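Visitor: Here it is, the structure, as structure tokens.
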Amino acid sequence: MEPLRIVIDTREQTAWNFPAELATCRRAKLDAGDYAIDGDTRFAIERKTLDDFVGTISTGWPRFLRELGRMDAAGFVAKPIIVEADAAAIYAGRHNHPKVGAGFLLKRISQLMLMNAPVYLAGNTAQAIGLAWQMLRERQKQSDRKL
Amino acid sequence: MKTPPPRQRVDVEIENAEFRTSKAGNLMAVLSATDQGESLRWFGMMTAAPTADGSTRAAKTVETLRAVGMIGQDIAGIIGQRAAFVTEAEEDQLTGETRRRVAFVNPAPKAAEPDEVAAVFAALGIATAEPAPPAAGEIPF
């Protein structure tokens, strides 16, 4: 299997550690998202811890909407968000934003889905890496078919 | 000076962590770190002032300190730990300059253990160099 060539945004300081035989990674500034196939300007994955995600969809919501708008303008085919937590963490409120309840979080997740920005609750970091790799692989296959 | 983004998350190493007394005489926790040459500080008040969710400022501060690695009351034990500082751009009332204020402190994202990653790929039917038995029933996809 040919390793995927993945670009990791320079602002990601503790990057996902993809197995070396499945992906070669390099750092570069991405205009949007955190992980993309090298050279792909229309698909990128946004990585979030639960704390990041809750902050983004609460106090950071206006800024995030602007970012999603820029991605739409650039013709992104999808804007997936992978959260390194499971649904149980949302219901139990295991994050540092006590004013943000589970109902509000689910509302935002629903709104994001309707904006072609689906939110995936991957469970933990390792499972997030598996999901991200599979998404990027499918995107690579899609791009290859178009050539 | 470059204008900071309205909101930003920076992963930092905590360089100093201590309890101090404010000018008003209130105890507070102070976490310090440096990002791109700029000193960033987070202040957590240790007062009994109530929060919106019925807790207190002190309890919230301790919750944050524990999240980034404080064990017992050993705040100095946090020094050297990694954390995510969420900063917000704020205009300095005196100088008019826009600078970064640390609004929240979160635990830093962690790299996954290689054997956990290998177990995930094993569950996908993809062997990697790190042999690890798949954890049956634990992988949701």
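Visitor: For region A:120-133, state whether one or more residues are in a helix (DSSP H, G or I), in contact with a His (Cβ under 8 Å, 6 or more places away or on another chain) and either modelled with pLDDT of 95 or more or open to solvent by less than 40 Å² (accessible area, probe 1.4 Å) (or both). Please lay out each step first, then the result.
Guide: Taking region A:120-133 and keeping what is in a helix (DSSP H, G or I), we get A:125-133.
With in contact with a His (Cβ under 8 Å, 6 or more places away or on another chain) added as a condition, the list becomes none.
No, the conditions are met nowhere in region A:120-133.
Visitor: Got a number for residues in region B:97-113 being assigned to a strand (DSSP E or B) and open to solvent by less than 20 Å² (accessible area, probe 1.4 Å)?
Guide: 3
Visitor: Quick one: which residue in A:VAL77, A:VAL54 is more than 14 Å from chain B (Cβ to nearest Cβ), out of contact with any Ser or Thr (no Cβ under 7 Å at 6 or more places or on another chain) and among the β-branched types (Val, Ile, Thr)?
Guide: Working: A:VAL54 fails: more than 14 Å from chain B (Cβ to nearest Cβ).
Only one candidate qualifies: A:VAL77.
Visitor: Which number in (1) more than 13 Å from chain B (Cβ to nearest Cβ); (2) open to solvent by 40 Å² or more (accessible area, probe 1.4 Å); (3) on the phi < 0 side of the Ramachandran plot; (4) not aliphatic (A, V, I, L, M) marks the one condition that A:ASN116 misses?
Guide: In the conditions (1) more than 13 Å from chain B (Cβ to nearest Cβ); (2) open to solvent by 40 Å² or more (accessible area, probe 1.4 Å); (3) on the phi < 0 side of the Ramachandran plot; (4) not aliphatic (A, V, I, L, M), A:ASN116 misses (3) alone.
Visitor: Would you confirm whether or not region B:56-79 contains a residue that is under 28 Å from A:PRO62 (Cα atoms) and away from chain A (no Cβ under 11 Å)?
Guide: Yes, region B:56-79 contains at least one residue that is under 28 Å from A:PRO62 (Cα atoms) and away from chain A (no Cβ under 11 Å).
Visitor: Pick out, from region A:1-105, the strands (runs of 3 or more DSSP E) lying fully within it that include 2 or more residues that are closer than 15 Å to A:ARG137 by Cα. First the steps, then the outcome.
Guide: Values: elements: A:4-9, A:23-28, A:35-37, A:46-48, A:81-83.
Once the strands (runs of 3 or more DSSP E) in region A:1-105 are filtered for at least 2 residues that are closer than 15 Å to A:ARG137 by Cα, what remains is A:4-9, A:23-28, A:35-37.
Visitor: While we're on this one: Looking at this structure, is A:THR24 open to solvent by 50 Å² or more (accessible area, probe 1.4 Å), away from chain B (no Cβ under 11 Å) and among the β-branched types (Val, Ile, Thr)?
Guide: When the stated conditions are applied, A:THR24 passes them.
The values are calculated or read from the model by the stated rules, or taken from the named source; none is laboratory data. Note that the structure is predicted; figures quoted are calculated from it, not measured. Cβ sites come from the backbone with ideal geometry, for glycine too, and all protein chains shown count toward neighbours. Just so you know, the surface numbers come from the protein's heavy atoms only, side chains and all, with ligands and any DNA or RNA stripped out. Shrake-Rupley method; radii C 1.70, N 1.55, O 1.52, S 1.80 Å.
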